Ligand SMILES: Nc1ncnc2c1ncn2[C@@H]1O[C@H](COP(=O)(O)OP(=O)(O)OP(=O)(O)O)[C@@H](O)[C@H]1O
Ligand SMILES: [Mg+2]
C-alpha cells in the first residue's frame with residue numbers, strides 16, 4: 001500500500017449562521033490516486049477542497065498533506081506550500097481580469113519561481129488556446145476561461161491537483177479536451193481530487209466519495 | 001512582471017485611478033504652491049514693495065528752528081519734490097486726546113498715502129471726505145472701537161482754546177509698525193489745519209544713493225530738512241507678509257488634510273473593493289508580503305505621477321497667484337519637488353498599508369465566494 005498523501009482526521013467546518021458544512025470527515029488519499037468527489041449541491045464539496053488548499057481552515061480536526069500537519073500553518077506558510085505542491089482549478093473561473101490568458105498563466109509561474117513565456121505559451125497551445133493567448137478573460141468564452149484556469153493550475157507541475165467541477169460549464173468538445181488533460185495526468189500518476197457530476201470523468205477515478213450533508217456517505221472503489 | 005501588472009491594474013480601473021490621481025495631484029500642488037510661496041515669494045514681494053512703496057522719510061533735523069523758518073523750508077522742499085516728480089505722501093501731525101488720552105492725529109491725503117503704503121492692510125476703507133477717519137489697529141483695540149462709530153478728538157491749543165473734531169471711522173489700519181498707534185484723516189476742518197509737525201514718505205529713485213545725493217543738495221541750499229532711508233518699514237511689510245503666509249498656510253493645510261483624507265479613503269476602498277482579486281492572487285501563490293508589495297507599487301505609481309503633476313500645477317498656480325496679487329513672478333523652487341514628493345508618498349503609502357492590512361484579514365475562501 002502506498003502512503004497517504006492527504007489525510008483528514010475528524011475534520012469539522014462550521015460557518016456563521018449555524019451552518020455545519022462538514023461533519024467529522026475522516027479521509028485518506030494515497031499518492032497517485034485519482035479520487036472523484038460527488039454529492040448534491042450544498043453537501044460541502046467546495047468547502048472540503050478549500051480546506052485542502054488552505055484557502056480556508058477547518059473549525060476542528062487535523063489535516064496532513066504530504067505528511068505535514070497543516071494546522072499550524074500561517075497564511076503565508078499555506079501560500080508557499082500551495083504554490084509548491086498544489087494545482088487549483090476553481091468551480092468558477094477565477095482569472096485576473098486585467099491580465100491576458102498568457103499573463104494569467106505566467107503569474108502562477110512568477111509566484112512559484114520565475115515566469116517562462118515559452119512554457120506558458122506551450123501549455124496554452126496544448127489546451128487548444130494557441131490563438132487566444134493575448135485575450136483578456138472578458139474576451140474568452142466560459143470554456144476557454146476554464147481551460148486557462150486548468151493551464152494555470154498545471155503550469156508548475158504540482159504533486160496534487162484539486163479541481164472543482166472542471167467540466168461543469170463545458171460543452172462536449174471542450175469537455176473532451178479537458179478529459180484528455182486529466183487522462184494524461186492520470187498516466188503521469190498525479191494525485192487528483194476532483195469534484196464532478198460528470199460520469200465520464202467519474203469513470204476515470206480509482207475511487208469515488210459521496211458527500212451528503214457534510215458527511216462522507218459512502219465510498220466506491222473501482 | 002509585477003510592475004507591468006500594477007500598470008495594467010491601474011489602467012483597468014481607470015476611473016478610480018484618475019480620481020485618486022486628481023485628488024492626490026491637488027494636494028501635491030497645494031504643497032508645492034505653499035512651499036514655493038514660503039520659499040520664494042517673501043523675498044520677491046519685499047523687493048517689489050520696495051519699488052512701489054516708500055524708501056525714505058523726510059524730517060526737520062533742527063529741532064530748535066523757528067516756526068516761520070520751518071514752514072518756509074517745508075514749502076521749498078515740497079516744491080523741489082514735486083518738480084522732480086518723486087512720489088510722496090505728505091503727513092502732518094498733531095497730538096489730540098480721545099476720551100482724555102493722548103494720541104497722534106495724522107493728516108495726509110488718502111490717495112497719496114495709499115500710493116506709498118501698499119503694504120498696509122486696511123480693514124474697511126481709507127477716509128475720503130472731511131469727517132471720516134481711519135484708526136490704527138492698536139488704537140482701535142485700546143478703545144474697542146468699531147467701524148462706523150464716531151470718534152471725538154480734542155486738541156488743546158497754545159491760547160487755551162479747545163478745538164474739537166468729530167469723525168466717523170471708515171477703516172482700521174494694520175501696518176505692523178507705529179502707524180497702528182495713530183489716527184488718520186484725509187481732510188481736516190479749517191481751524192485744525194495748523195499742524196506743527198510735518199513729515200513725508202518718499203519713494204526716491206536709485207535708493208540709498210539717491211537719498212544721499214538729495215540730502216547733500218538740501219544741505220547745500222540751506223534747507224534744514226533731512227531725509228532718512230526707511231529700513232524699518234521692512235518690519236511692517238514682514239508682519240503683513242507673515243500674516244499672508246500664515247493665512248494661506250492655514251488654508252492650504254486645511255485643504256491638504258481634506259484631500260489626504262479623501263485620497264486615503266479612495267485608496268482604501270479601492271483595495272477593499274478588490275478583496276476577491278487579492279484572494280485570487282493569494283490562491284495563485286502571492287504571499288502577504290508580495291501582495292503588499294504589489295499594492296504599494298500601485299500606490300507609488302499613482303503617487304509619483306501625482307507629485308509630478310502636482311509640482312507642475314502648484315508652481316504654475318503660485319506663479320499665477322503671485323502675478324495676480326503681488327505683481328511679481330516667482331522662480332520655481334527645486335526644494336519644493338522633494339518636499340511634495342515625500343509628503344505625497346508618505347500619504348499614499350500609509351493609506352495603501354492600511355488597505356493591505358484590512359484586505360488580508362479575511363480568509364481567501366470567503367473573499368473568493370463573496371461577490
Ligand atoms: N461563507 C459561508 N457562510 C455560511 N455558509 C456557507 C458559506 N460557504 C458555504 N456555506 C454553506 O456550506 C454548505 C456547503 O457549501 P459548499 O460550497 O461546500 O457546497 P458544494 O457541495 O460545493 O455545492 P455545489 O455543488 O453547489 O458547489 C452550503 O450549505 C453553503 O450554503
Ligand atoms: Mg461547490
Scanning for something within 16 Å of ligand 2 (Cβ to nearest atom), buried (at least 16 other Cβ atoms within 10 Å of the Cβ) and closer than 26 Å to residue A:56 by Cα, does the range A:133-148 turn up at least one residue?
-> yes
Log entry, pairs with first residue in the range A:91-120 being touching a residue at least 24 places away in the same chain (Cβ under 8 Å), second being in a loop (DSSP other than H, G, I, E, B) and within 16 Å of ligand 1 (Cβ to nearest atom), beta carbons closer than 7 Å, six or more apart or on different chains, reads A:91/A:165; A:91/A:168
query = Quick check: anything in the range A:61-79 within 13 Å of chain B (Cβ to nearest Cβ) and within 16 Å of ligand 2 (Cβ to nearest atom)?
reply = no
*Selection status of residue A:153, in contact with a strand residue (DSSP E or B) (Cβ under 8 Å, 6 or more places away or on another chain), more than 16 Å from ligand 1 (Cβ to nearest atom) and under 22 Å from residue A:6 (Cβ atoms)*: yes
| Taking the condition at pLDDT 90 or above, away from chain B (no Cβ under 14 Å) and either farther than 19 Å from residue A:217 by Cβ or within 16 Å of ligand 2 (Cβ to nearest atom) (or both), does residue A:25 pass? | yes
Scanning the range A:8-22 residue by residue, the ones that are within 10 Å of residue A:44 (Cα to Cα) and either in contact with a helix residue (DSSP H, G or I) (Cβ under 7 Å, 6 or more places away or on another chain) or within 8 Å of ligand 1 (Cβ to nearest atom) (or both) total 3
Just one listed residue, out of B:351, B:359, B:283, is crowded, with 18+ Cβ neighbours inside 10 Å, in the same structural domain as residue B:9 (by TED's automatic domain parsing), within 16 Å of ligand 2 (Cβ to nearest atom) and in contact (Cβ under 8 Å) with a residue 24 or more places away in the chain, and it is B:283
Of (1) within 16 Å of ligand 2 (Cβ to nearest atom); (2) part of a strand (DSSP E or B); (3) surrounded by fewer than 19 Cβ atoms within 10 Å (Cβ to Cβ), residue A:194 fails just (3)
The residue from A:87, A:54, A:42 that alone is part of a loop (DSSP other than H, G, I, E, B) and within 12 Å of chain B (Cβ to nearest Cβ) is A:54
Of (1) within 14 Å of chain B (Cβ to nearest Cβ); (2) within 16 Å of ligand 1 (Cβ to nearest atom), residue A:136 fails just (2)
When residue A:122 is run through (1) surrounded by fewer than 22 Cβ atoms within 10 Å (Cβ to Cβ); (2) within 13 Å of the chain's Cα centre (by Cα), the failure sits at (2)
Practice problem: Please tell me if residue B:152 is over 27 Å from residue B:243 (Cα atoms) and out of contact with any strand residue (DSSP E or B) (no Cβ under 8 Å at 6 or more places or on another chain). | Solution: no
Query raised in the report: Can you spot a residue in the range B:36-58 that is outside any strand (DSSP E or B), over 25 Å from residue B:171 (Cα atoms) and modelled with pLDDT of 85 or more?
Result: no
Hey, does the range B:269-291 have a residue that's more than 30 Å from residue A:114 (Cα to Cα), more than 14 Å from every other protein chain (Cβ to nearest Cβ) and either in contact with a helix residue (DSSP H, G or I) (Cβ under 9 Å, 6 or more places away or on another chain) or not in a helix (DSSP H, G or I) (or both)? yes
Of (1) surrounded by 14 or more Cβ atoms within 10 Å (Cβ to Cβ); (2) modelled with pLDDT of 90 or more, residue A:69 fails just (1)
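The values are calculated or read from the model by the stated rules, or taken from the named source; none is laboratory data. Everything numeric in this text was worked out from a predicted model, so none of it was measured. Reconstructed Cβ throughout: ideal geometry from the backbone, glycine too, with neighbour counts over all protein chains shown.
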